[in-house]
Structure formats: structure tokens, C-alpha cells
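The values are calculated or read from the model by the stated rules, or taken from the named source; none is laboratory data. From a predicted model like this one, the values you see are computed outputs, not experimental measurements. Counting neighbours? That spans all protein chains shown, and the Cβs are built from the backbone with ideal geometry, glycine included. The area values use the complete protein model at the heavy-atom level, side chains included, leaving out ligands, DNA and RNA. Shrake-Rupley method; radii C 1.70, N 1.55, O 1.52, S 1.80 Å.
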Amino acid sequence: MADETNRNETQQQDLGELLRIRREKLKALQDEGRDPFQITKFDVTHHTQDIKDNFDAMEGAEVSVAGRLMSKRGMGKVSFCDLQDKTGRIQIYARKDEMDEDNYNRFKKYDIGDIVGVKGEVFRTQRGEMSVRAREITLLSKSLRPLPEKFHGLTDKEIRYRQRYVDLIMNPESKRNFEIRSKFVAYLRRYLDGLGFMEVETPVLSPIAGGANARPFITHHNAQDIDMYMRIATELHLKRLIVGGMERVYEVGRIFRNEGMDTKHNPEFTTCELYQAFTNLDGMMDILEGILSGAAKEILGTYHVQWLGHEIDLTPSWQRVTMADAVKNVTGADFMACVGDADKGVELAKSVGVDMDGVPHTWGNALYETFDQKVEETLIQPTFITMYPVEVSPLAKRSPEQPALTERYEMFICGCEMGNAFSELNDPIDQYQRFKAQAEKRAHGDEEANMMDEDFVMALEYGMPPTGGLGFGIDRCAMLLCGASSIRDVILFPTMKPLDADKKPETAEAKPAENVPAAPAAEEKIDFSNVQIEPLFADFVDFDTFSKSDFRAVKVKACEAVKKSKKLLKFTLDDGTGTDRVILSGIHAYYEPEALVGKTCIAITNLPPRPMMGIDSCGMLISAVHHENGEERLHLLMVDPHIPAGAKLY
């Protein structure tokens, strides 16, 4: 450990020396009147990949290229470097007797990471390397900070997300992901425009958060002195446009939901929502299938993609099955045999192992929970699940044949929801009653329930034609096409907890004067005067019983919010056995999941598995609980990271 500490200190010293040297080089250039930051333009005639793709035609041609120096190697009077631009890399060949001597000597002092412009001739070296023979090299921007070390590059995932600019420089596959994402968005716009849709923009700020079951972000409009919500969906505004006669509209827009983060969720994300008058659920299935399969064929050249460990076939004609049939196929439970009977529905769900704790006991909720807990994860290939219960579809039209169900679908790939569509509810009376039911849930503490939107009901009272609506996440589609396992790999700047989030901000008055030693920090004083604890147990437990509880140190490998649970976090733990252990803990009110990854905790590992929300929880994490000023406080017990996974507590 001492060696590791010494190595880190040496690396910090080396970095400090490199920063100093590069700044001295910049100062020397500025003193010579060659400040690179004063250059405003460099005419680029070709990009690196263009030269390589058309080398036979371009050999001997004069070109002007620009980019970042990614490597340098010198052999006396000859130097080689790799120049990287937005399309790729090409070798630059610089020879002292073929350039102005001063220009060559200045180039020799340039650093890896510097941005340069090169004018020269396209040629092939004796070893066959396609190159540019430099006549003139101009420093366009000085890199004052060295790039990550060559052989290891930038591999730390968290640093890659925080410093995306370095990630894009060092990792071509990262840039490829965002090129695919951009091409996908361009494709879907062309596809929808070709079907006669109009792209529109609707408000990001609204006095009402509607269109989805989600907790919104709240902000304040100073001029009007009102609280406003950042949108959680674009649905209700787009449907107002259908009422207004626009017939086919769509929006590609940013959505904001104040919820947990995991590999498939980010608090701000991008969706495409579209609405088409005079069509229904079937029309929306055709559109989503056409967009995803067509984009894969155009961008990747194939319908077959690898994602989350599976080969996915996006060839058109995807499977379409009702939720009740999907449940029956997987579990054998026939919910259509007891439609509308809440007691039988709940009993049927429990009979196949569904956890109904905290779920309203209705037939529709029982069907949905059975699908969610038992079926969803089995849907690997593209599958449309149709006919959702009315309880979980407040904006969808009821089925004329079966009023307990709605004309709604979700499309799944690899157990992930990829799209959500309705035959839209256009009955204002029915819509008002559903809003009212949602508002009652909200009044009883459900922060994700829909708000009452009387203006939207009024719009429906003017008459909305039969309409099909569809929404899907751009980020998740990009994950599929890129083969990415985390949403952060396809969002340029994903939401991250600031590194100094736990530090108390300094006031201007509290900052020590420059060059004056700061006084030693005072030890934090903790006030326990208002703490209440539970009484200690009066009964003794015998040692043999106590010793049977196996307390172990565990390392948090992954942590995510459990879907549809406001309290539960799912921990994937290293317990030292080599097999991941899953434990669920109801501490989401106190911790965000990403903040716990990498922590060392304490768990009881020999408790029998306990099903929670359809997931077996194999053990219990230890927390400390007390009350303070009448409120419950909880601290997950986290210990020294030097303690290895599996270490036993005595």
C-alpha cells in the first residue's frame, strides 16, 4: 500500500512538472510574438480519411490538414507524428531539409496534444504508410495539460463521463457512439417527414407537470412569482395540436424527471413523441418498427445487432401479443378467465409468486404486476405487448371489446421498454374522471401521479379525432444501435454528482488570503442533543444463536433503483465468494444509488432469500437508525475500503 501511495505522489509531482514546462513553452512563444491563441483561422482543404479513401487519386497533391498531435517520434533530422481530426488519423512526415529550418525547429518543441495545421504533399513512405510530407506546420492551439498515458489511455468509466472531452480524444469507439446517435435522430426525422409529419416545439416549463407518471423538477419564475415544472413529457401539448387540426405532429425533445439514476435512466433524457389523427394502435406499431429496423439497416448495414449479451434480429414483422396472453404463455396464469374480479386476480398473481405488497388490489394491477415481475425480462427479441389494464394507462382509450383493458402497447427488447403507444383517449368525460383519480393519488402522497389538467380536458371538449400516439427514448434506441450497456455511454454529458458535493461551500470571507497559510481546520462538532434512539433490548440472546448470524464485509459493485418502488435500492455485491449477491434495501429516501457504488458495507449473508418486487433479496445490509427532532434518520453502515470483500465480523 505504501508503494501505491508513493507511486501516486510521484505521478502528481510528474504531472505538476509537465504542467509547468508546458506553460513555460507557451510563455516563450508569446514572448516571441507567436501566441497560438491569437490565431483565428486555418484553411483546411481535406480531412484525414478523405485522403486515405482517395489516396491513389490524391498522391502527390498539395493538401492542408489540421488536427491534434497524438504521437511524435524523431530520428535526427526526420520526425514523424500522428495527426487526428474528426475523421481519423494520418501520419505527418517532417524533414528538416524540406521545411524552413526555424519552422522545423519550432515543430520539434511541440507536445502531444497540441493542435496544429499542416500544409504539404500526399505521399507514401518507404514502409507503405499513407502520409502527408509537411512543408509548413503551424501551432494553432497549445495543449497545457498532457493527454492520458498512451498504452492505458482513458479507461476509468467515471472519468470518461466527467471528462467527455478527453474521452472523445482518446477513445474512437466513444465518438462512434455519438455519430450513430446523430445519424439515428437524422434518420427518424427524415422518416417522419416522409410520412407527412410536422416537427414542432412545445414548452419545457409549465405550471402543470403532465403526460407521464413521474416526479418533476420544480423551478420558480421570478417575474410572475409562480412555481413551474420542467416537463416530464410532451404529450398533452402535442395532443392539443391534434385538436387544433394539425393531424400529424412530432417533437424530439429533452425530458426532465427527478428520479433515480441507473444504467438505463438519466434525470434528463431525449424522447420522440408523435401523434397522428385518424389512426390507432396498429399504425403506431408500424411506425416504431419502421424507424428502428430502417435505421439499423441504413446506419449499420444490417438488421442484426449485439446488445446486452444477445443477438437481436430487427428484421421487420416483429411479434405482437396481448399482455394477458404473454402472462399465460410464461406463467400459465389465465387472467382473462377472471376479468374484473379483483380478489381472483390478486390470488392468481400470488399463486405464481408475484409480490403484491403495496400494490392496489385490483384485477388490472394484478395482471400488470404479474407481467412486470415474471414476463418482461423474458422478452429478448423485439416484441409488442398490447392491451394494458386501464389502471396503469390513464391516457389511453379503452378497448371497445374489453373495457377493463386499453388500446396501448409497449415494445420490448432484451427486457427493456423501447416505446410506449396508445390509441389516444379522446372522451373528455372519461379523461376528467381519470385525471381526478390520479389527482386523488397525488393528494395521498403519490408524487408520480398525474396532475389535474383542466385546460387539456377543455381542449378535448372541442373534439379530438381518433388518434394514435407514440413515444420512445432516443437514448435507449442509441444504446441498442451502439451495443452500449449504459445510457451514459450515449449521452455526451450524463448527470454526475459533483466531486465536491459533500464539501461545504466556502464564503468569500472564509477564504484565506492568497499566500497566507490557512489555520488548521476545526474539528466538526456534532450535536446529538436532539437525538432519540430505540430502547435497548431487555432480553438477552444466547451466544450460540447470535453466532449463527454471518456478518460479512461486502463491496457494492452496482446499485440501482427498483422499478416502480420509491423506497427500494437493488445492490449487486461482491461477498468474496466470486458469485454476485443481490440484496434489496429500502433506503432510497436517504441515498442515490450511484453514490453507493464502490462502498464497503456490512451485510448478514445467511438469511433465507426474500422475494421483494419480484426479486430475491439474499441477505440484509446493516444500517444505523435513530430519530432527530421527530424525524427518522438512517445511515448505511460503511467501513474502511481496505477491508476485503468476505471478511467476517466477530
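Being out of contact with any helix residue (DSSP H, G or I) (no Cβ under 9 Å at 6 or more places or on another chain) and either touching a residue at least 12 places away in the same chain (Cβ under 8 Å) or open to solvent by 20 Å² or more (accessible area, probe 1.4 Å) (or both) holds for only one residue in D313, D355, D334, and it is D313. Screening the candidates K142, K183 for the property of being basic (K, R) and under 23 Å from G483 (Cβ atoms) yields one hit, K183. Of the residues contained in segment 294-312, one or more are found to be part of a loop (DSSP other than H, G, I, E, B) and either closer than 14 Å to G419 by Cβ or within 22 Å of the chain's Cα centre (by Cα) (or both). Taking the conditions (1) touching a residue at least 60 places away in the same chain (Cβ under 8 Å); (2) buried (at least 16 other Cβ atoms within 10 Å of the Cβ); (3) closer than 17 Å to L568 by Cβ in turn, A645 satisfies each one other than (3). For segment 358-385, taking the residues that are surrounded by fewer than 23 Cβ atoms within 10 Å (Cβ to Cβ) and of a type in the set (V, I, T), the one that is modelled with the lowest pLDDT is identified as V359.
Are any of the residues in segment 253-268 surrounded by fewer than 16 Cβ atoms within 10 Å (Cβ to Cβ), more than 27 Å from A443 (Cα to Cα) and over 23 Å from the mean Cα position of the chain (by Cα)? No, every residue in segment 253-268 fails to be surrounded by fewer than 16 Cβ atoms within 10 Å (Cβ to Cβ), more than 27 Å from A443 (Cα to Cα) and over 23 Å from the mean Cα position of the chain (by Cα).
Filtered by the rule that a residue be in contact with a Leu (Cβ under 7 Å, 6 or more places away or on another chain) and part of a helix (DSSP H, G or I), segment 254-290 gives M284, I287, L288. Of the residues making up segment 161-184, at least one is part of a helix (DSSP H, G or I), of a type in the set (S, T, Y) and closer than 30 Å to T279 by Cα. In this structure, G210 does not satisfy being open to solvent by less than 20 Å² (accessible area, probe 1.4 Å) and not in a loop (DSSP other than H, G, I, E, B). Counting just the residues of segment 54-101 that are among the β-branched types (V, I, T) and part of a strand (DSSP E or B), which one comes out surrounded by the most Cβ atoms within 10 Å (Cβ to Cβ)? Top of the filtered list is I90. At least 3 residues being open to solvent by less than 40 Å² (accessible area, probe 1.4 Å) and out of contact with any Asp or Glu (no Cβ under 9 Å at 6 or more places or on another chain) is the threshold, and among the strands (runs of 3 or more DSSP E) wholly inside segment 392-503 those reaching it are 405-413. Restricting segment 102-148 to residues that are surrounded by fewer than 15 Cβ atoms within 10 Å (Cβ to Cβ) and free of Cβ contacts under 8 Å to residues at least 24 places away in the same chain, which is nearest to V166 (Cα to Cα)? Once the filter is applied, the top-ranked residue is N105.
Please enumerate the residues belonging to segment 570-601 that are closer than 16 Å to A645 by Cβ and either open to solvent by less than 10 Å² (accessible area, probe 1.4 Å) or in contact (Cβ under 8 Å) with a residue 60 or more places away in the chain (or both).
F571, L573, D574, D575, G576, T577, I583, L596, T600, C601
With the condition kept exactly as written, say whether any residue in segment 605-616 is of a type outside the set (S, T, N, Q), open to solvent by less than 50 Å² (accessible area, probe 1.4 Å) and modelled with pLDDT of 90 or more. No, every residue in segment 605-616 fails to be of a type outside the set (S, T, N, Q), open to solvent by less than 50 Å² (accessible area, probe 1.4 Å) and modelled with pLDDT of 90 or more. Screening F435, F422 for residues that are in contact with a Lys or Arg (Cβ under 7 Å, 6 or more places away or on another chain) and hydrophobic (A, V, I, L, M, F, W, C) leaves exactly one candidate, F422.
Taking the criterion of being assigned to a strand (DSSP E or B) and either surrounded by fewer than 21 Cβ atoms within 10 Å (Cβ to Cβ) or among the charged types (D, E, K, R) (or both), the residues of segment 233-252 that qualify are R248, E251, V252. For F55, the criteria (1) within 41 Å of the chain's Cα centre (by Cα); (2) at pLDDT below 95 hold in every case but one, which is (2). Please determine whether any residue of segment 407-423 is at pLDDT below 90 and basic (K, R). Looking for residues that are at pLDDT below 90 and basic (K, R), one finds none in segment 407-423, hence no. A624 fulfils the conditions (1) within 30 Å of S529 (Cβ to Cβ); (2) aliphatic (A, V, I, L, M); (3) open to solvent by less than 30 Å² (accessible area, probe 1.4 Å) except for a single criterion, (3). The set of residues in segment 102-136 that are of a type in the set (D, E, K, R) and assigned to a loop (DSSP other than H, G, I, E, B) comprises K109, D111, D114, R127, E129. Applying the condition of being touching a residue at least 24 places away in the same chain (Cβ under 8 Å) and hydroxyl-bearing (S, T, Y) to segment 202-240 and asking which residue is nearest to E259 (Cα to Cα) yields Y229.
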